[in-house]
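Novice: This is the structure I have questions about; it appears just below.
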């Protein structure tokens, strides 16, 4: 979240962050956003069922009229009606090279599987958990002495590069999602873009 806000303030940035929501009232991101001058609001689930919570969240988001919803550490699984309401307008980042290791504990699972590469994937959100159309991936080598913390830190550094880039593409009108497929500059993304540091 912080990286997205910081990138939004660079000269020529095509987007602004209008509001931050969290389902956790004590989330550090809320205070961090406020400290950076971004309105931030907790929407705790409490006793609400999933459908009721998602309706409340959708109402709060619609009040902001955003062009794009960007998930950053939001761990709730969004319902099908919510996703349909904002179809093609929700991005997420996942700490693995999808379709490998959807779900939780990705760094541990990559180490246990003795992967030689790991990384992160930005993708559009669909009803399928971590299964929406991928946009861009960044890769890191898995080192012989890696533990979860070290691997996670290197992956996170790449996340801070590729997530603002994907948001930029969307807000510049270059990135789209329709019919279950992402496209960039008018061309279908048959495979996610592989980040090399030179992408514009």
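The values are calculated or read from the model by the stated rules, or taken from the named source; none is laboratory data. All values derive from a computational prediction rather than experimental measurement. Please note: Cβ atoms are built from the backbone with ideal geometry, for glycine as well, and neighbour counts cover all protein chains shown.
Novice: Could you tell me whether the stretch 99-120 includes any residue that is within 19 Å of residue 70 (Cα to Cα) and under 13 Å from the mean Cα position of the chain (by Cα)?
Specialist: Within the stretch 99-120 (the criterion being within 19 Å of residue 70 (Cα to Cα) and under 13 Å from the mean Cα position of the chain (by Cα)), the answer is yes, since at least one residue qualifies.
Novice: Out of curiosity, is residue 74 surrounded by 13 or more Cβ atoms within 10 Å (Cβ to Cβ) and touching a helix residue (DSSP H, G or I) at 6+ places or on another chain (Cβ under 9 Å)?
Specialist: Numbers: surrounded by 13 or more Cβ atoms within 10 Å (Cβ to Cβ): yes; touching a helix residue (DSSP H, G or I) at 6+ places or on another chain (Cβ under 9 Å): no.
Against the criterion (surrounded by 13 or more Cβ atoms within 10 Å (Cβ to Cβ) and touching a helix residue (DSSP H, G or I) at 6+ places or on another chain (Cβ under 9 Å)), residue 74 does not qualify.
Novice: Something else about it: Which of the residues that make up the stretch 171-200 are modelled with pLDDT of 95 or more, in contact with a strand residue (DSSP E or B) (Cβ under 7 Å, 6 or more places away or on another chain) and not in a strand (DSSP E or B)?
Specialist: Within the stretch 171-200, 174, 189, 192, 195 meet the criteria.
Novice: Here's a follow-up. Starting from the stretch 18-32, keep only residues that are farther than 17 Å from residue 70 by Cα, then list their pairs with residues that are surrounded by fewer than 18 Cβ atoms within 10 Å (Cβ to Cβ) whose Cβ atoms are within a distance under 8 Å, requiring at least 6 positions of separation or different chains.
Specialist: Short answer, once both residue conditions are applied: 25/42; 25/44.
Novice: What's the number of the only condition in (1) within 23 Å of residue 150 (Cα to Cα); (2) touching a residue at least 60 places away in the same chain (Cβ under 8 Å); (3) in contact with a helix residue (DSSP H, G or I) (Cβ under 6 Å, 6 or more places away or on another chain) that residue 68 fails to meet?
Specialist: (1)
Novice: Residue check, residue 150 against (1) under 27 Å from residue 8 (Cα atoms); (2) in a helix (DSSP H, G or I), all met but one. Which one?
Specialist: (1)
The rows are residues; the columns are (1) out of contact with any helix residue (DSSP H, G or I) (no Cβ under 8 Å at 6 or more places or on another chain); (2) surrounded by fewer than 17 Cβ atoms within 10 Å (Cβ to Cβ).
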site	(1), (2)
12	yes, yes
22	no, no
41	no, yes
64	yes, yes
83	yes, no
95	no, no
